[in-house]
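See structure below.
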């Protein structure tokens, strides 16, 4: 038996479409070392697996092998976490049926585990962040898309094929924009960072006096947040709309999963302080009475939720 | 230890706004006897508890007390199943903080358990109906409102305060009809039996040649189904719309809970054969690829899902 606190330290790897990141994480969830590289999209899985090996080596330099419990990998779906196989990564070519766990275990001579990125970040916040000690909470990441993970009754909610929690593809307005998935009105199509940027560009084109107009085609969600902080009226209006759209989806999540807390992460959460009043107002007004008081907070681990969550697969398995 | 199969027989009680029903159920889920009464809405909780006692006596006449494991009660929420207290029944006055389990245990000298009606029906279908043997399934009741219950990872999904699964109050169209809960565009406000009847009356008033126009203000969902069976064009159109609205919500449930199966019960399910092609088409077209094949079927226990589920609280507790 290992001492309380789990398997010593672990490396969390976050495999994304643009970046591969790794972090050495101790038993208390602290990040001790980090490294990152631009994902080798051209080289395919073989090249990326070498990048991961390299990042693991960088973050564990000088660490006694006996301290290291293993490597947890967070990756975009669809994947089979139990079999340790990535079934496909839409934004990276060649990633079809890649047995990443078996490959890395062989290359690293360490235990390796694999998890969906939204679920990994939820686990990070659950084990070491804003959801610590809770039995029921939902993590929402608002970024290029909308994803997340659900903790219910003290466990990760899995469902058939471990596919529960595809929260971004909940239809919230069937008359609205068509999503990348082909359906009109998915939450993701309306309220992701990408959607906010797109809507901002449309509106800025109609409002030449706004700061936002100056950005032209380069305008994105980040600049909307920055301009709102500087007091730009259109940017503030856009965030008010964003908060309302996030609120609609979050109220649905309250009714469907009954969490004690909703944690918002991802790029858009960098404007969370500006979005929070609108979201809270929506929850207070729109949720059924027993759900009205549910707090909605920003991810505590920030950009590390997924890395720490991936490491948690080793640190606190099960 | 009792033998495999549970606690002998049990009585399931379904406390509703218009009817109180009871059924004696054996260890295999078979209904052996049934009784019902019009809910005494004027007499308040005291009168209804006497009705329940009477119905339990009727259904267990001649049964050896040693065979009877107890009484399970299904009631509309909000309620506290663990404490055995009904917090309020919107359609019945005087039902505030009624400790129904303690009262009935004292009156009947039998173990009594309490469950939310949507969850009880889900448990009935899970233990003895269409969901038998599954780890992940969602039960949807489409009736006066829309309710249901969720089985996930082999257990009833509970959430904070056992309030998960308020599926009827998922916003699916924020521009649409305002729900009884005060919010626009809840699934229930658009696709319940009540909503179907209401929309049918509006459309029938504009279509004097339809069979439906003859019903006037008495037109409801039942008659829409009957007229569709008789080939009425407007009625068929209304059911096509209903199937589409049910489909939107069901696809959301697939993405959120990832069930192996969706089971539809409640009054509207009497027209399920007419609704099914439209629902299945919607699922095949709108669900994300890994969810597309999920079957949607009618409740196998029909009007008994809730009664059998309530009895299951005793027959197969936990």
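Residues B:67, A:224, A:56, ranked from the fewest to the most other C-beta atoms within 10 Å, line up as B:67, A:56, A:224. In terms of other Cβ atoms within 10 Å, B:103, B:126, B:95 run from fewest to most in the order B:103, B:95, B:126. Hydrodynamic radius of the protein assembly as shown by the Kirkwood approach over all distinct alpha-carbon pairs: 26.3 Å. D by Stokes-Einstein for the stretch A:247-318, Kirkwood Rh over Cα pairs, 25 °C, 0.890 mPa s: 184 µm²/s. Taking a ≥ b ≥ c as the square roots of the eigenvalues of the alpha-carbon gyration tensor, chain B is classed prolate because a/c is 1.5 or more and a/b outweighs b/c. Its relative contact order, with pairs defined as Cα atoms under 8 Å and 6+ residues apart, puts chain B at 21 percent. In nanometers and ordered shortest first, the copy-to-copy spacing of the residue B:64 label point, defined 7 Å from Cα toward Cβ, is 6.9. Compared with the dominant principal axis of the Cα atoms in chain A, helix A:305-315 is inclined by about 30°. Result for chain A in a Gaussian network model with C-alpha springs under 10 Å: among A:143, A:135, A:66, the largest mean-square fluctuation is at A:66. Against the longest alpha carbon principal axis of chain B, how many degrees, from 0 to 90 and to the nearest 10, is the axis of helix B:193-205 turned? That helix lies at roughly 30 degrees to the long axis.
Averaging 1/r over each pair of different alpha-carbon atoms in the stretch B:196-295 and inverting the result gives 14.2 Å, the Kirkwood hydrodynamic radius.
Label-to-label distances for residue B:50 across copies, nearest first, come out at 8.6 nm, using points 7 Å from Cα in the beta-carbon direction. For the residues of A:246-255, the average number of beta carbons from a partner chain within 10 Å of their own beta carbon is 5.
Computed over the stretch B:1-149, relative contact order equals 19 percent, with contacts defined as Cα pairs under 8 Å that lie 6+ residues apart. Taking the 0 to 90 degree range and rounding to the nearest ten, how far is the long axis of helix A:117-128 tilted relative to the main principal axis of chain A, both from C-alpha atoms? Its long axis makes an angle of about 80 degrees.
Extension gain, residue A:107 to residue A:63: 0.36 nm times the residue separation minus the Cα-Cα distance gives 14.1 nm. Calculated mean residue ellipticity, 222 nm, chain A: -11500 deg cm²/dmol, from DSSP H runs (n ≥ 4) at -39500 (n - 2.57) each, averaged per residue and rounded to 500. Counting, for every residue in B:162-168, the Cβ atoms of other protein chains within 10 Å of its Cβ and taking the mean gives 6. Peptides B:40-51, A:106-117 ranked from most to least packed give A:106-117, B:40-51, packing being the mean of other C-beta atoms within 10 angstrom over each peptide's residues. For chain B, modelled as a GNM whose springs connect Cα atoms under 10 angstrom apart, the maximal fluctuation among B:208, B:277, B:76 occurs at B:208.
Where the alpha-carbon atoms of the stretch B:137-188 are placed on the principal axes, they occupy 36, 22, 16 Å, in descending order. Each listed q (0.19 Å⁻¹) maps to a log10 I(q)/I(0) for the stretch A:125-259 from the Debye sum over equal C-alpha point scatterers, namely -1.06.
Label-point spacing for residue A:161 across the identical copies (point 7 Å from Cα in the Cβ direction), in nm and ascending order: 3.5. Scaling against 2.2 N^0.38 Å puts the C-alpha radius of gyration of the stretch A:15-142 at 1.05. Shielding value for A:279-290 is 3, the average number of Cβ atoms from other chains within 10 Å of each residue's Cβ. Pairs of C-alpha atoms in the stretch A:81-161 farther apart than 23 Å represent 33 percent of all such pairs.
Sorted fewest first by neighbouring Cβ atoms within 10 angstrom, B:194, B:91, A:60, A:209 come out as A:209, B:91, B:194, A:60.
Got a sec? Which residues in the stretch B:242-260 would a label at residue B:292 touch, if it sits 7 Å along Cα→Cβ and we count backbone N under 16 Å? Those under the cut-off are B:251, B:255.
Computed from the coordinates by the stated procedures, all read-outs in this text should not be read as laboratory data. Just so it is clear, the model here is predicted, and its values are computed rather than measured. Quick reminder, even Gly has a Cβ in these numbers, built from the backbone with ideal geometry, and neighbours come from all protein chains shown.
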